[in-house]
Amino acid sequence: MTTKTSKSKSTTTKKDNVLLEVNNLTTHFFTQDGVVKAVDGISYNVHEGEVVGIVGESGCGKSVGAMSVMKIIPNPPGRIVDGSVTFEGENLVDLDESAMRKIRGNRIAMVFQEPMTSLNPVLTVGRQLTETLELHQGLRGDELIDKAEELLARVGIPDPRGRLSDYPHQFSGGMRQRVMIAIALSCDPKLIIADEPTTALDVTIQAQILELMQGLAKDYGTALIIITHNLGVVARYADRVIVMYAGKIIEEGSAEEIFHNPMHAYTRGLLASVPRLDATDHVRLQTIEGLPPDLIAPPPGCGFAPRCQKKVCKCPETPPAIVEIKKGHYIADCKCCMTK
Amino acid sequence: MTTKTKKTTKNKKEETDILVNVENLKMYFPVTSGVIIQKEIGQVKAVDNLSFFVRKGETLGLVGESGCGKTTTGRAVLQLYEPTAGKVQFNGIELTELNANEMRAMRKEVQIIFQDPYGSLNPRMSAGDIIGEPLKVHKLVDNKVQYREKVAELLSIVGLSPYMADRYPHEFSGGQRQRIGIARALAVNPSFVVCDEPVSALDVSIQAQVVNLLEDLQAKFGLTYLFIAHDLSVVKHISDRIAVMYLGHIVEIAPANELYFNPIHGYTRALLSAIPIPDPTIEKTRERIILEGDVPSPLNPPAGCVFQPRCTKKDKCKCSETTPVLIEVSPEHWVANCECCMSK
Ligand SMILES: Nc1ncnc2c1ncn2[C@@H]1O[C@H](COP(=O)(O)OP(=O)(O)OP(=O)(O)O)[C@@H](O)[C@H]1O
Ligand SMILES: Nc1ncnc2c1ncn2[C@@H]1O[C@H](COP(=O)(O)OP(=O)(O)OP(=O)(O)O)[C@@H](O)[C@H]1O
Ligand SMILES: [Mg+2]
Ligand SMILES: [Mg+2]
C-alpha cells in the first residue's frame, strides 16, 4: 500500500497518454449561510480515449466538479479556490476567459442533462451547429452546411440536410440530445464531458444515445467522462470508475475492481442498495442509514463516518488520505470504512 | 442478508382471490385547438383496451416508457379520471357505476402514492396535518387525543418520529417526504394502493429504504399494490407479476422472473436489454437490442400492432390492421398476439 498525495505521482509511468490531470481541485460556494464545500480536493486523471464514469448520489459534487474543469462555475457565489486542471499540458485554472473560450466546445466539449435548456430555442439546429464550426474551425459557406449535415448524419438523424432548418422544439428529447452530441463532436474534441446525458430520456432512448456516444468515442479516440447516478450505466460503459461522496473522491478503480471488489463502505452500500434485474431470489435491499453531510459543515475527518456502521473511525479530525490499495485501485484511507 | 423465495407461486387461484379486475379499460383525452372557440381535433388514446387483474396481497408491476399511459391507468382504475369505457371491479363492486357519494366512501379502501415527493404535499400544512387529513375526512377519529395518537402511530409506522408531526414539508428530505405520502395513504387503512413511481425521484440509497418500507407494510397489513415505475429493476424486485405497457396497450404480462428470463414480446426484450446490470462482466457479453426511432405519439397511434413501427421484423407483420389480443403462452404468461413481435 503506497500513500499518494496526488494522483499525478502514481501515474507518472503512464504520463505520456494522460489527457486530463485534475489535482486537488477545490471549488467552494460562498453563500449567506456559509461556505459550501461542493468539491473539496479531488484528484484524478483521464487518459486518451478512455471512458471514465463518475458516480455518486445527488449533491455530492459531480456536476460542480465537471463545471470546474470547464470553468463555468457561476461566480459569485462559486470559485475554484485551489488545485489545478492540466489539459494537454496546460493548467486551465490559470487561463483567462478568452483563452478558455477557445478550449470549450473545441478541445473539450460538454453534453448536459437537459438538451432543451442547452439548445437555443430561437435558432435553427443548423445555425447552432454552424456557429461552433465557424467559431472554432473557420469554415464558411457550403463547406459549413456540408459539415453540419455530416454531423447530424453521424449521430443518426434521418434526413439530416432537411432537419438543419428545424428548430429544437421540432425534435424529440432523444433527437435533441443527438443534436447536442453532434455539436459536441463538431470540432473533434479530445474530451467529452457528459453530465447525466440520458437521465431525462426513456430507457430505450437512453440505450440508443449511450451506444452512440461510446461508438463515436471509440471511432475517433475521444476520451469520455460520463457523470451519472446510474450504476448500471457505469458498469456497461466505463473503463474506470470514480465514486464521489460529499465533495470528495472516496474510491476509484477499474470497473471490474469497483463492481467486483469494492472496498469502501459507501461504495459497497451503494451497490447493495440497487435491485438487480438478473436476481433470481428476492433479497432484501440494503440501505445506508442517515443522509449525506451538510457541505457547509461537513465532518472534519472521514465524510462517511456519521453513516459508517462500524463507527470505530480513527480519522475523526483529519480527512483520510487517498491510498493505492491495489494497482490502479484507490481508496480513502479510513480504516473503519475499508473492508479487507 | 436473508434470501426468501418471494411469495410462493400462486397458480390456479380461484376468482375470489382477485381484488381488482379491470376489463377493456379505455381512457381517451380530447385534444382541442383554437384560442377562443375550442374545437376538438382529435383524441389522445392514453389507455386503450386494457384488461388485467390484481390478486389480494400481491404486487402487480406496471412498466413502460414515458407517456405510455401508466399514470392514466392508475388514475382511471381509482376513478380519479372517469374512464371513457371499460369496467373496474374492486372486491366485486363495479366502481364505474358508483355515484360520487358511494365512491367517496370507497376511497377509504383504495389509495394512491404519488411520484413527486416535492409537489404532492401541501407546503403550508404540517406533516401531521397532511397525514391526519384523511382521518378527519373519513371521520375515523372521535377526538383530538385519538387524532394525535393515530398521527403519531402512522409516523412511526413509516419510520419517522412522532415529534416530526409539527414540521413542514420543506424541512424534510425527499425520502422522508415520500414516507409522509405513504403515511397519508395508509391513514384510512386501505386494502389497495396504487404506487405511482414512488421512488423514481429518490437517490438509490433512499430508494432502497422506501422499497423496503413498502414491502414491510405489505407483509404487515396484507396490502395489495399496483406498482408503477419506469425502472424495470425496481419493478422486478418488488412485484409478483409485471405488466409491460407500450403506447396505451399491455403487450406482455407475466410473473416477474418469467418475464426476465423468458421475455416473448419484441418490446419487452428491447426494454430488458436496454437496462444495464451493475456488473461489468455480465455487461460485456449481454445481448443488446437497440430500438430504432422514437415512441410514436398517442395522438395518431399506428393501426394494428402499436409496436410495429419499431419492430425489427415489421416487414412480416400480419396485424397491421387489427390490434393483437393477449394470449396465454404458458401459465400466467400473456403476450400480445402479433407474430412478428413474438420471439420464436
Ligand atoms: N450556485 C450554487 N450555490 C450554492 N451551492 C451550490 C451551487 N451549485 C451547487 N451547489 C452545491 O454544491 C453541491 C454539489 O452540487 P452538484 O450539482 O455538483 O451535485 P451533483 O453531484 O451533480 O448532484 P446531482 O446528481 O443531483 O446532479 C451541492 O450541495 C449543491 O447544493
Ligand atoms: N389530462 C390529460 N389530458 C390530455 N392528455 C393527457 C392527460 N393526461 C395524460 N395525457 C396523455 O396521455 C398519455 C399517457 O400519459 P401518462 O401520464 O399516463 O403516461 P405515463 O406512462 O405515466 O408517463 P410517465 O412515465 O412520463 O409518467 C400521454 O401522451 C399524455 O400526454
Ligand atoms: Mg449534477
Ligand atoms: Mg406517470
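The values are calculated or read from the model by the stated rules, or taken from the named source; none is laboratory data. Computed from a prediction, not measured in an experiment: that's the story for all the values here. Cβ atoms come from the backbone with ideal geometry, glycine included; neighbour counts cover every protein chain shown. Ligands, DNA and RNA are stripped out before the accessible areas are found, and what is left, the full protein with its side chains, is counted by its heavy atoms. Shrake-Rupley method; radii C 1.70, N 1.55, O 1.52, S 1.80 Å.
Quick notes
- 3J(HN,Hα) along the range B:328-342: 8, 8, 8, x, 6, 10, 10, 9, 5, 7, 10, 4, 6, 7, 8 Hz, from the Karplus curve 6.51 cos²θ - 1.76 cosθ + 1.60 with θ = phi - 60°, whole Hz, x for Gly and Pro.
- Think of each Lys and Arg Cβ as +1 and each Asp and Glu Cβ as -1; about the Cα centre, that makes the dipole of chain A roughly 960 debye.
- The mean accessible area for residues of the protein assembly as shown, using a 1.4 Å probe and ignoring ligands and nucleic acids, is 43 Å² per residue.
- From the C-alpha gyration tensor of the protein assembly as shown, square roots of 5λ in Å: 43, 34, 24
- Mean Cα-pair separation over length for the range B:111-184, i.e. relative contact order, pairs under 8 Å, 6 or more apart, %: 47
- Rounded to whole Hz, the Karplus (6.51, -1.76, 1.60) HN-Hα couplings of the range A:78-95, x for glycine and proline: x, 7, 6, 9, 6, x, 9, 10, 9, 10, 6, x, 10, 7, 5, 4, 7, 6
- The sum of -39500 (n - 2.57) across all DSSP H runs of n ≥ 4, divided by the residue count of chain B, sets its helix-only mean residue ellipticity at 222 nm to -8500 deg cm²/dmol.
- Simple Cβ-charge dipole of the range B:44-120, Lys/Arg +1 and Asp/Glu -1, about Cα centre, in debye nearest 20: 120
- With K and R counted +1 and D and E -1, the other residues having a Cβ less than 12 Å from that of B:SER173 yield a net charge of -1.
- Label point of B:GLU40 set 7 angstrom out along Cα-Cβ; within the range B:62-92, amide nitrogens under 13 Å from it belong to B:84-85.
- Heavy atoms of A:LEU20: accessible area, 1.4 Å probe, square angstrom to 10: 0
- Placing a label point 7 Å from the Cα of B:THR32 along the Cα-to-Cβ direction, the residues of the range B:38-65 whose backbone N falls under 15 Å of that point are B:38-44.
- DSSP bridge analysis restricted to the range A:145-284 gives an antiparallel fraction near 55%, rounded to the nearest 5.
- Taking Cα atoms only, the orientation of helix A:203-220 departs from the longest principal axis of chain A by about 80 degrees.
- Relative contact order computed over the range B:200-344 (Cα-Cα under 8 Å; 6+ residues apart), in percent: 21
- Residues B:TYR28, A:TYR330, sorted by accessible area with the largest first, give B:TYR28, A:TYR330 [1.4 Å probe; ligands and nucleic acids excluded].
- For chain A, the gyration tensor built on C-alpha atoms gives a prolate shape. Its axis ratio a/c (a ≥ b ≥ c) is at least 1.5, and a/b is the larger of a/b and b/c.
- When each of A:LYS147/A:LYS190; B:LYS87/B:LYS108; A:LYS37/A:LYS327; B:LYS56/B:LYS87 is checked by Cα-Cα distance, pairs over 24 Å: A:LYS37/A:LYS327
- Where labels lie 7 Å past Cα in the beta-carbon direction, separation of B:ASN143 and B:PHE221 in nm: 2.6
- DSSP assigns beta bridges within the protein assembly as shown; of those with both partners inside it, close to 65 percent run antiparallel.
- Stretch gain in nm, segment A:ILE296-A:GLU48, where the contour uses 0.36 nm per residue and the Cα spacing is subtracted: 85.7 nm
- R0 of 30 Å, Cβ-Cβ distance A:HIS169-A:HIS260: FRET efficiency to nearest 0.05: 0.10
- Computed helical MRE - 222 nm, chain A, DSSP H runs ≥ 4 contributing -39500 (n - 2.57), nearest 500: -8500 deg cm²/dmol
- Residues of the range A:174-205 buried by at least 30 Å² on assembly (accessible area, 1.4 Å probe, chain alone as reference): A:ASP202, A:VAL203, A:THR204, A:ILE205
- Charge dipole magnitude, Cβ of K and R +1, D and E -1 - the range B:65-185, Cα centre, debye nearest 20: 200
- Here the Karplus relation 6.51 cos²θ - 1.76 cosθ + 1.60, evaluated at θ = phi - 60°, turns the backbone of the range B:278-289 into coupling constants of x, 7, x, 5, 5, 4, 4, 10, 6, 5, 10, 9 Hz, with x for every Gly and Pro.
- Contact order normalised by residue count of chain A, Cα under 8 Å, 6+ apart, percent: 21
- Order of exposure, largest accessible area first, which applies to A:ILE80, B:ILE180 with probe 1.4 Å: A:ILE80, B:ILE180
- Per the accessible-area calculation with a 1.4 Å probe, the total area buried between chain A and chain B rounds to 4300 Å².
- Accessible-area rank, largest first, for A:GLU289, B:GLU97, A:GLU252: B:GLU97, A:GLU289, A:GLU252, with all protein chains present and a 1.4 angstrom probe.
- Cα-based shape type of chain B, given that a ≥ b ≥ c are square roots of the gyration tensor eigenvalues and the cut on a/c is 1.5: prolate
- For the range B:275-335, the carbon plus sulfur part of the accessible surface works out to 56%, probe radius 1.4 Å.
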